[in-house]
Structures are given as C-alpha cells and as structure tokens.
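Enquirer: Mind looking over this structure? Questions follow.
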Ligand SMILES: Nc1ncnc2c1ncn2[C@@H]1O[C@H](COP(=O)(O)OP(=O)(O)O)[C@@H](O)[C@H]1O
Ligand SMILES: [Mg+2]
C-alpha cells in the first residue's frame, strides 16, 4: 500500500483516460491499479493538473462512483499547496447547491491528501469547446449554461465567498444535462481575498481587478469571468487574445482595448446576448451587475430564457410521467382490482368515457396530492443528507488538517 511505500504508485503516472478505453484493468496491468485510498477503488485518471490529479473511483461502501482529487505527493510539504488543498475541501463543505459539485469526504494516507466528491459523468465545458467543430455552442445552450452557473454563483455570493477562477475548465457538463461549478481551490472569503490567485488563475478569464493584483476582490470578478466564458462559448474564442499571457492580461486592463462584440465574429448572434456580455465584462466593476441574481433577473427578459424555461417544464413533466414510483404503480394496480368488477358496456362508448373520466378525476386529485407530498419528502431528505454530509466533511477536516 502507498502508506508503507512513499514511492509514487504507477497509477499516478497513468495517462488520462481516452474514450472507449476499458474501465476494468487488463490482465498484466495490475500494478497500475494499486489502491491507495482506503474504501475507494480507483478506475481511471480523469485529469492531471499542476498541483494534483482527479481520478474516477468507486466508493465500495456506498456502491457509487466518485471523483477523487489528490494532491501531488511532491507537494505534501509545500505549505501553500496543502493550504489550497484544504481550502477547496472547506469551501465545498460550506456550499450546498445543485449547481456546485458536492463534497463527500477528505482523507490522508502516507502519500496523499485526497478529497472525494460527487462524480459528474460527462466532460468539462473546456474539453467540450476544444472538441467541438468551430469550438462553440449554440446560443441557446450557452445561455442555459450561463444561467445555471449564475445560480451557483448566487450561492457562492450568499455564502460570502468568491470563486476567483470561473472559466470553461471549471464548469462540468453532465451527460444528463447537469451544469456544475467545480474547482474551489482558490476561492476565498471576500474579506480575506488575496492577490495571489491571479498568478494561478487563467489570463483569458481574469477580471481587471485580479490582473491588477487588488486584494479587494468580490463576486463581480466571478461575473466578469463568466462573461468571458460566455463570449468564448458563443464565438469559439476567449474575448481577448495575444501572443503572451501578459498581453492578454493587459487587454483586460486597458480601457482603450474595446471589448470585441460577439456579433462582429458572428452576426447571427442576438444583440440582447451581446449586451448582457458587455455588462458582465465592464472593466469598471461598478458598471457590472452587482450580484448574480440581478443578472438572472435581467436575463428573464431575453427571448431565449422563455424557451429554456418552457423546455425545462416539458422535461420535468416527461420525467414525472415516464418514471412512476413503486407507490404509484401499486395504487394503479389496486385501482384496477377495486374497479375491475365495474361493468362497462362496450357498446356504450359514452358510458365508458364517463367512467374513465370519473376514475381519472378522483384518482387525479389524490395522485397530485401524493406527488406533492413525495416531492416535499424528497426535498427534505435531500436537505438532510446535504447537511449531514457537510457536517461529516467539516468533522473530518478538523481531524486531519495540519495545524497552523
Ligand atoms: N467531480 C468531478 N467529476 C468529474 N470530473 C471532474 C470532477 N472534478 C474535476 N473533474 C475534471 O478534472 C478537471 C480538473 O479538475 P479541477 O477541480 O478543475 O482541478 P485543477 O485544480 O487541476 O484545475 C476538470 O476540468 C474536470 O475535467
Ligand atoms: Mg480547474
């Protein structure tokens, strides 16, 4: 086990997963699958970053897939890296929102600090844009993603945090349509924001105040980063480009460097979308939306918003119809048994229809009540699970976190 052997296990050096690759190890590759995280079986490497890697693993106790982010072993004695690692775990524990990746567990083996989170089956927006023809999305899909991330940012804001690294690589797109913000490694409490993040953040999506190295960074920096991300999603490129990171950062700062209009790159894009992006990317943050919610409210006036809301309603309705619960099925069967002896004359379609309406009418009301009760019960259960989850995370964190 890695605990006894500080040498890096071979799986750490494994190349990232390619599509179509087997999930189970092939015979003869066993050493790759050394398992350093007790209770979790690692299947694959999802991503390799500068300070760590993300793996797909199975939580063997609960029988669910999880993502595990582990700090590069070489950085274990690097105070700054360890601090950022725990910073992420702590922030995720504080944030509870369907559009933010959920944290499940943190741990430490001899070789690794690791953080277990919900696995989002899909890909990051960054990977998707790279892969797509012309590197861009439909305007409507981009609008939907921005709306979901703004809901996440409103929660970040209400918790008193700033993400500070909103960009395509930190937005996860689930195959089921889920949109989730991840990577809270450099997120900070507004009051304790420090300028070092800009060095680590990404030049293409960094706000002017981050580029300047200001300490006083608030949610409007995240709104700016999301504006750049939106620009990228619909045009296929980030708003400012240059030969070097320095040049790109200078353009974020430079009052003279006018924001290119997304419509210059693609005239089919709507003026309403361009205007919203312009508002988010104002160089002076006083001219940006003050909160994600303010922007969400404004977005409701956009014609795409109504289309998206309508589609969501349809999708929810279909989901309710096509997945009857066991209780609903039972009720249906019982109804058949009880009313089974009712005589309906086949020759009298009117009577048949009246009986059906009758049964539907009564059952419909009850069913609606039951459905509402079930939704409320599910929501309460979910809330309880989230709270319990966060409590456990905080408890483990306080046990294993190195003392300052
Ligand atoms: N919970 C997750 N589920 C699925 N993939 C994830 C998850 N978290 C991260 N990833 C993948 O790993 C990549 C890097 O994760 P991230 O948290 O952004 O780390 P880094 O600090 O290296 O940027 C993401 O872009 C995404 O592709
Ligand atoms: Mg990242």
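The values are calculated or read from the model by the stated rules, or taken from the named source; none is laboratory data. Just so you know, these numbers come straight off a predicted model, no measurement behind them. Neighbour counts are summed over all protein chains in view; Cβ atoms, including those assigned to glycine, are modelled from backbone coordinates with ideal geometry.
Enquirer: Considering only residues that are closer than 27 Å to residue 228 by Cβ and away from ligand 1 (no atom under 12 Å from the Cβ), which ones fall in the stretch 97-128?
Expert: 97, 98, 99 - these are the residues of the stretch 97-128 that are closer than 27 Å to residue 228 by Cβ and away from ligand 1 (no atom under 12 Å from the Cβ).
Enquirer: Taking only pairs six or more apart or across chains, which ones have beta-carbon atoms under 7 Å, a first residue in the stretch 233-258 that is closer than 18 Å to residue 280 by Cβ, and a second residue that is loosely packed, with under 12 Cβ neighbours inside 10 Å and at pLDDT 90 or above?
Expert: 248/241
Enquirer: Could you tell me whether residue 47 is surrounded by fewer than 18 Cβ atoms within 10 Å (Cβ to Cβ) and within 12 Å of ligand 1 (Cβ to nearest atom)?
Expert: It is true that residue 47 is surrounded by fewer than 18 Cβ atoms within 10 Å (Cβ to Cβ) and within 12 Å of ligand 1 (Cβ to nearest atom).
Enquirer: Further question on the same structure: Testing residue 49 on (1) within 21 Å of the chain's Cα centre (by Cα); (2) at pLDDT 90 or above, one condition comes back false. Which one is that?
Expert: That leaves (2) as the condition not met.
Enquirer: Given the criteria more than 13 Å from ligand 1 (Cβ to nearest atom), assigned by TED's automatic domain parsing to the domain that holds residue 305 and either under 23 Å from residue 311 (Cβ atoms) or in contact with a helix residue (DSSP H, G or I) (Cβ under 6 Å, 6 or more places away or on another chain) (or both), does residue 147 qualify?
Expert: yes
Enquirer: Can you tell which of 111, 72 is over 22 Å from the mean Cα position of the chain (by Cα) and within 15 Å of ligand 2 (Cβ to nearest atom)?
Expert: It is 72.
Enquirer: Would you confirm whether any residue within the stretch 180-190 is in contact with a strand residue (DSSP E or B) (Cβ under 7 Å, 6 or more places away or on another chain) and either assigned by TED's automatic domain parsing to the domain that holds residue 89 or without any contact (Cβ under 8 Å) to a residue 40 or more places away in the chain (or both)?
Expert: The answer is yes; a qualifying residue exists.
Enquirer: I would also like to ask the following. Within the stretch 90-102, work out how many residues are away from ligand 2 (no atom under 15 Å from the Cβ) and touching a strand residue (DSSP E or B) at 6+ places or on another chain (Cβ under 6 Å).
Expert: Of the residues in that region, 3 qualify.
Enquirer: Sort out which residues of the stretch 167-179 are near ligand 2 (Cβ under 10 Å from one of its atoms) and assigned to a loop (DSSP other than H, G, I, E, B), and write them in order of number.
Expert: 167, the sole residue that qualifies.
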